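Below is one structure, written out as C-alpha cells; the observations come after it.
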Amino acid sequence: MKLKNIILISAATMALASCDDLFEPANENNQDISAMYKDADFARGVLDNAYLVLPYSDMPQTDLATDDAVSNDASNSYKKMATGSWTAEVNPVSRWNDAFHAIQYCNLMIANADKVVWSYTDESVNQMFIDNYLGNAYALRGLHHFYALRAHAGMAEKDGELLGIPMHLEYVDGTADFNEARLTFKECYDLIMADWNKALEYLPEEYKTIGSASEIPAKYTSIGADMTGYNKAFGAHHRGKIDGRIIAAFKAQLAILAASPAYSKAGACTYAEAAKLAADCLAKFGGLDNMQSDGWKIFDNTTFLNGFGAADDAPSEIIWRANINKTQSYEKDNYPPSIFGSGRVNPTQNLVDAFPMANGMPITAAGSGYDPNNPYTGRDPRLTTYILVNGAKMGHNNTVINTAEDANTLDGLNKENGKSTVTGYYLRKLLRSDINCNDESSTNNHLQIRIRATEIFLDYAEAANEAEGPKAKVGGAGYSAYDVIKAIRSRAGIGDMDINGNNEDPYLEECAASKEKMRELIRNERRLELCFENNRFWDLRRWLAPLNETAKGVSITTKADGTFDYKVIDVEKRNYQDYMYYCPIPYSEILKWSNLQQNYGW
C-alpha cells in the first residue's frame, strides 16, 4: 500500500473519533487485584511470582566464595565478594528485595484465594483449589522469610541479642508504614514454623493421582468431592509445588540452622529438636533403610534423567525438584575449553584433599596409602565423580582432559584464554558427561534438585551427634549419627569388605569414640556429599568455622619419563572479617528506615 493511501485511511479513522478520544490517553491494559477473582490463570500467576524468585541455582554460586571452588571469570561477583569487595551495598547473597517482593505476592494470595473462582461448575473442586493455593502461599511465605533470615540475621552490637528480620504477615500497599524494627531471631523462627504448620492444614502429604474414592480426605468427601475433582486439585501433575513432605524438609533445614553455634544463643531450637525434625522428614521418605544406593551420583544418571517425566514418582534421593529442562548451557559454562566449554567453576586443591582414600582414611593419616606422586589413585570414588582431574575423560566423545601447566591444549593450567582452569581442576558434578557443546541440537534433560535426602540425613547426623553423641538414636529415629555416616560412606564405596561381606571402615570406628571426632567427620562428609550445591558458604558461617583458608590449586608438569610432578599452589586469598559470619542488611534500607538496625561491623 502506498504511503499516501495509509495517510488518507488514518485521517478518515481519526475523523470518526470524538475530540475527547483524540486528546485523552488510551486506557492501559493493566489489571487490578480484583481481576484475579474471575480469572484463575491470573490468580495462579500471582503465586508463580513467589516461586520464580526462590534462591535455588542449577550451578555453584556461593561455593565460589568458599575454600571449595573459585571462578576463572575475573568479573564473578562471588569471587569479588571472597577477595574483599563484600559490602552492605554490594552483596550477592542478599535476599532482602526478592524475598520481600515474593512475600507480598504470598500475602496477596492469602488474602484473596477464597475470592477466586477456581471452578465455575464444581464447588468442591473450587474449595480444593482454594486450599491448594492457600497452603502454597503460607509455605512460600515461610520459605522466603527463612531464606531472608539466613541471609540477614545478626547482632546490632557485638555479642548482643541475635536479631532476625522484619516479618511481613499481611498484604500492604504503598501507604503502609515500612519503618519497621527487626524481630528477634527466635520470634522469626516461631513465625516461620507457624506458617509451615498453617500450610499443612491445607496441603496433601504428597501430590499423587489417586485410584480410589476411599483415598479422598474426609473433609473433601463431606463437601461432595469425587476422584476426578480431587485429582484435578491435588494430582501428580502438581508435583514440583510444595506439599507436606517438602515442608518437613524445610523445618529440618531451619532447625539445624537455629541449633548451630552462630544462632544457638537465640534459644529457638535445640539439637535434639533439630534431630527430631530431620528424623520426621526422613520417615516420610522411608528412613535410612530407603537411602538410595546411587543417590550420590544421581546428577549424571543419564538413563534416569532421559526417562523422567513431570508427573513421575521421584526416587528417594529427591525430596524437592524443579521441572525438567533441556539445555546444554551448564556444560557450555563448565566443560573444559577443548570440548567447547568455558571452565567457569574450578574446584580447589583444598576440596580435593578433603576426599579420603577408598579405605576411609584421610590422606594425611599414617598408613592411609596415599601416594603424592599418584594423588588420584585409590581415592574415595566421589572425588573423580564430582571433580574432573588431570587425565580424566569428559564429553560425548570421552575426550581426555589434560590440565597440566605444560599441556598442549587450552585445558591446561592458566592458559590465559579466559576459559582454562586456574586450579588444575574442572567441575564434573551437576553436569551431564555426554553433551556435545559443539552441536546446538545436543540438548538433553537436566533436573534441578532443590533438596536431597542426603542433606537431611546429614542434618540428622549433625544434630543427633551434638545432642547425645555418635551412637545415640535421637528424636524417634531407629538409627544414629554413626549409622547415617556409615551408610553414606559405604554406598560411595568407602571401606573394605571383610570375608563375610561386611563393610569395614576403621576410621569411622575411630571417630565414633567421641562426639568431637565424629563432628569433624560429619562436617567433612557434608562438605563432600553436598559440594557445589551452594551449602558450604552457609555451613561455614553457622558453624563459626574459619573463613579465610586460601584457595589452592595444583601445578602439574610432565617429567621426562612421562609421569607427572605435582606442586600445590596458592590461587586466591580469602579476605573475610570476623563480623562477616553474619551478612548485612542492605545499606539503602538502613538509610531509609530509622527503626532498622544494621548488623555489627557493617
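The values are calculated or read from the model by the stated rules, or taken from the named source; none is laboratory data. Note that this is a predicted model, so its numbers are computed, not measured. Positions of Cβ are generated from backbone atoms using ideal geometry, with glycine treated the same way; all protein chains shown enter the neighbour counts. Keep in mind that these areas ignore ligands, DNA and RNA; they rest on the heavy atoms of the full protein, side chains included. Shrake-Rupley method; radii C 1.70, N 1.55, O 1.52, S 1.80 Å.
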message: It is to be established whether one or more residues within the range 387-396 are open to solvent by less than 10 Å² (accessible area, probe 1.4 Å), of a type in the set (Gly, Ala, Ser) and touching a residue at least 24 places away in the same chain (Cβ under 8 Å).
response: yes
statement: Of the listed residues (Thr563, Thr558), the one being hydroxyl-bearing (Ser, Thr, Tyr) and under 19 Å from Thr423 (Cβ atoms) is Thr558
statement: How many residues of the range 433-466 are touching a strand residue (DSSP E or B) at 6+ places or on another chain (Cβ under 6 Å), at pLDDT 95 or above and either more than 30 Å from Ala481 (Cβ to Cβ) or open to solvent by 10 Å² or more (accessible area, probe 1.4 Å) (or both)? The answer is 2
- prompt: How many of the residues in the range 125-160 are assigned to a helix (DSSP H, G or I) and within 30 Å of Tyr581 (Cα to Cα)?
  reply: 15
field: Checking Asn334 against (1) within 30 Å of Thr423 (Cβ to Cβ); (2) at pLDDT below 95; (3) not acidic (Asp, Glu), the condition it does not meet
entry: (2)
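Conditions tested, residue by residue: (1) more than 27 Å from His101 (Cα to Cα); (2) open to solvent by 40 Å² or more (accessible area, probe 1.4 Å).
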| site | (1), (2) |
| --- | --- |
| Asp48 | no, yes |
| Leu52 | no, yes |
| Tyr56 | no, yes |
| Met59 | no, no |
| Asp63 | no, no |
| Asp67 | yes, no |
| Asp73 | yes, yes |
| Lys80 | no, yes |
| Glu89 | no, yes |
message: Between a residue in the range 102-122 that is on the phi > 0 side of the Ramachandran plot and open to solvent by 10 Å² or more (accessible area, probe 1.4 Å) and any residue that is β-branched (Val, Ile, Thr) and outside any helix (DSSP H, G or I), which pairs come within a Cβ distance under 6 Å, given they are 6 or more apart or on different chains?
response: none
query: Which one is most open to solvent (accessible area, probe 1.4 Å), of the residues in the range 405-432 that are of a type in the set (D, E, K, R) and within 25 Å of the chain's Cα centre (by Cα)?
result: Arg428
statement: Only one of (1) on the phi > 0 side of the Ramachandran plot; (2) in contact with a Phe, Trp or Tyr (Cβ under 7 Å, 6 or more places away or on another chain); (3) not aromatic (Phe, Trp, Tyr) does not apply to Asn398, and that is (2)
- line: Expected single match for over 18 Å from His238 (Cβ atoms), open to solvent by less than 10 Å² (accessible area, probe 1.4 Å) and under 26 Å from the mean Cα position of the chain (by Cα) among Leu149, Leu169 is Leu149
field: Elements of type helices (runs of 4 or more DSSP H) contained in the range 484-602, each with 3 or more residues being surrounded by 14 or more Cβ atoms within 10 Å (Cβ to Cβ) and within 22 Å of the chain's Cα centre (by Cα)
entry: 515-529, 536-542
field: Condition check for Ala181: closer than 28 Å to Thr87 by Cβ and loosely packed, with under 15 Cβ neighbours inside 10 Å
entry: yes
task: Report those helices (runs of 4 or more DSSP H) wholly inside the range 257-371 carrying at least 2 residues which are buried (at least 22 other Cβ atoms within 10 Å of the Cβ) and among the hydrophobic types (A, V, I, L, M, F, W, C).
output: 271-283, 349-354
- prompt: For the range 470-483, what are the residues that are assigned to a loop (DSSP other than H, G, I, E, B), within 13 Å of Ala272 (Cβ to Cβ) and open to solvent by 10 Å² or more (accessible area, probe 1.4 Å)?
  reply: Ala472, Gly475, Gly476, Ala477
query: Where residues in the range 216-226 are within 35 Å of the chain's Cα centre (by Cα) and either in a helix (DSSP H, G or I) or among the acidic types (Asp, Glu) (or both), which of them is surrounded by the most Cβ atoms within 10 Å (Cβ to Cβ)?
result: Tyr220
- prompt: Can you pull out the residues in the range 259-283 that are of a type in the set (Phe, Trp, Tyr) and under 17 Å from Tyr579 (Cα atoms)?
  reply: Tyr263
query: When you scan the range 187-206, how many residues do you find that are open to solvent by 80 Å² or more (accessible area, probe 1.4 Å) and outside any loop (DSSP other than H, G, I, E, B)?
result: 1
